[in-house]
Every structure is written in C-alpha cells, then in structure tokens.
1. Quick one: would you say residue 75 is of a type in the set (Ser, Thr, Tyr) and touching a helix residue (DSSP H, G or I) at 6+ places or on another chain (Cβ under 9 Å)?
2. So which of 85, 95 ends up being crowded, with 19+ Cβ neighbours inside 10 Å, modelled with pLDDT of 80 or more and either in contact with a Lys or Arg (Cβ under 6 Å, 6 or more places away or on another chain) or part of a strand (DSSP E or B) (or both)?
3. Scan the range 1-54 for residues that are modelled with pLDDT under 85, in a helix (DSSP H, G or I) and more than 17 Å from residue 97 (Cβ to Cβ) and jot them down.
4. Output the residues belonging to the range 45-94 that are among the charged types (D, E, K, R) and touching a residue at least 40 places away in the same chain (Cβ under 8 Å).
5. In the range 69-79, what residues are surrounded by 13 or more Cβ atoms within 10 Å (Cβ to Cβ) and assigned to a loop (DSSP other than H, G, I, E, B)?
6. Every residue in the range 50-61 that is buried (at least 20 other Cβ atoms within 10 Å of the Cβ) and either of a type in the set (A, V, I, L, M, F, W, C) or within 22 Å of residue 111 (Cα to Cα) (or both), please.
7. Can residue 66 be described as modelled with pLDDT of 80 or more, closer than 16 Å to residue 24 by Cα and surrounded by fewer than 12 Cβ atoms within 10 Å (Cβ to Cβ)?
Amino acid sequence: MRVDLGSGGHLSQYFLSKDKVKAKNLICAWIRAYIDDEGYVDLKTRRIAVTSINKNGLRGVKDLLEFLGVPCKVYKIMEGYAYKLVISGNNLVKLAQCLKPLRPEKRRRLQELLSIYEYKNLKLTTVMKAYG
C-alpha cells in the first residue's frame, strides 16, 4: 500500500507493509500522533477535525483512515486556501477504537464527544483495551 502524505510542497510517499495487521498498527500509531498534534475535538459541532493548507496531505490521511474503516470527509475552506478533514457521527467510535490519544486533554474531550453521541457506556479506556 502506498500513501501520499505530501507536506508543504515536499512530496513524501510511505510504503506500508502488505501484512494488514502490521500496517493497521503502524497507521493507528501515526494517526494518533498526527491528530494529537494537528487535530482538535470540537464539542460544539460534534466532530474531530484537522485543518491544513496541504490538500494532498489531508487526502493521504483520509486514505489511511478509510483503510482503517473510518469514513471521513475533506472540505475546502477559506475560498480554497485551506482544507479541513472531518470525522463525525458514528465514525468517531471507529476512530476511537484505534486512536488512543496520548494527551489527557484530547482524551477527555474525545470521551465527552462520544458521550454526546450516546456512547455514555463506552469508556475510552475500554475501547482502547478492546482494540489496543
């Protein structure tokens, strides 16, 4: 599997193992780090989002998320000067199954977001144990 994660005009391509279990573990770790650093949990709009000027990079992240079974969308914002990758609804649970945020604040906000979608009995730590 080849994924394009172009960065600021510098094209980077990552080749992932054909072993799907290893590939999924690697992708989950990378997505966790990426969202911990670049993403935000928006309780008001009930979603997780990443904003970037790097359209190709966000499309690469979208491909990785979809490989994990997490549908998401990339939107053009600011008249095409920036883009936003958005994960919402039931897809948040799918994301939480592999995300395991390291930053306590993001972990807390993700749990709040899951609660809004009536996943009150689904503790983030339980999800992490089940899928980690």
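1. The answer is no for residue 75.
2. Going through 85, 95 in turn, just one is crowded, with 19+ Cβ neighbours inside 10 Å, modelled with pLDDT of 80 or more and either in contact with a Lys or Arg (Cβ under 6 Å, 6 or more places away or on another chain) or part of a strand (DSSP E or B) (or both): 85.
3. 22 - this is the single residue of the range 1-54 that is modelled with pLDDT under 85, in a helix (DSSP H, G or I) and more than 17 Å from residue 97 (Cβ to Cβ).
4. 46, 47, 59, 63
5. Listed by number, the residues that qualify are 70, 71, 72.
6. 50, 58, 61, listed by residue number.
7. Answer is yes for this residue.
Conditions (1) modelled with pLDDT under 75; (2) over 29 Å from residue 22 (Cβ atoms); (3) exposed (fewer than 14 other Cβ atoms within 10 Å of the Cβ); (4) in contact with a Gly (Cβ under 6 Å, 6 or more places away or on another chain), marked per residue:
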{"position": "91", "(1), (2), (3), (4)": "no, no, no, no"}
{"position": "99", "(1), (2), (3), (4)": "yes, no, no, no"}
{"position": "102", "(1), (2), (3), (4)": "yes, no, yes, no"}
{"position": "108", "(1), (2), (3), (4)": "no, yes, yes, no"}
{"position": "118", "(1), (2), (3), (4)": "yes, yes, yes, no"}
{"position": "124", "(1), (2), (3), (4)": "yes, no, no, no"}
{"position": "130", "(1), (2), (3), (4)": "yes, no, yes, no"}
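The values are calculated or read from the model by the stated rules, or taken from the named source; none is laboratory data. Remember, predicted model here, so these are calculated numbers, not experimental data. In this analysis, Cβ positions are derived from the backbone assuming ideal geometry, glycine residues included, and neighbour counts consider all displayed protein chains.
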